[in-house]
Amino acid sequence: MSKLVKNMMISDLQAELGEIREVLVVDVSKLTGVASNKWRLDLQKKQIRVVGVRNAVASKALSLSLIHI
């Protein structure tokens, strides 16, 4: 992934976060596709948003935002 693309992803993630003050970071790598989809659908029913991003992109976006990790 080029640096330009990473920077675009980081700025998009920061814009999505906006004024959000609470973030939960979850490793879903051990979930099957079916389990992951069910989990996402259950959260969507509760009006909880899920955004999947690479670790490096998430770390950079969170460090540049108001959320301190």
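The values are calculated or read from the model by the stated rules, or taken from the named source; none is laboratory data. This is a predicted model, so every value here is computed, not measured. Virtual Cβ from ideal backbone geometry, glycine too; neighbours counted across all protein chains shown. Side chains included, ligands, DNA and RNA excluded: accessible areas come from the protein's heavy atoms. Shrake-Rupley method; radii C 1.70, N 1.55, O 1.52, S 1.80 Å.
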Accessible surface, the chain, averaged per residue in Å² (probe 1.4 Å): 86
Helix 3-17 axis, angle to the chain major axis (alpha carbon atoms, nearest 10°): 60
Kirkwood Rh in Å, taken over all unlike Cα pairs in the chain: 13.3
Crossing angle, helix 33-45 versus the chain [Cα axis fit, 0-90 degrees, rounded to tens]: 80
Full-extension gain in nm, LYS46 to VAL34, via 0.36 nm per residue minus C-alpha separation: 2.4 nm
Computed [θ] at 222 nm, helices only, for the chain once each DSSP H run of length n ≥ 4 contributes -39500 (n - 2.57): -17500 deg cm²/dmol
Candidates ALA15, ALA35, ALA56: whichever shows maximal mean-square fluctuation once the chain is modelled as a Gaussian network with Cα springs under 10 Å: ALA35
Carbon plus sulfur fraction of accessible area for the chain, probe 1.4 Å, in percent: 56
The chain, relative contact order in percent, only Cα pairs under 8 angstrom and at least six apart counted: 51
Student exercise, the chain dipole from Lys, Arg, Asp, Glu Cβ charges, in Debye to nearest 20: 200
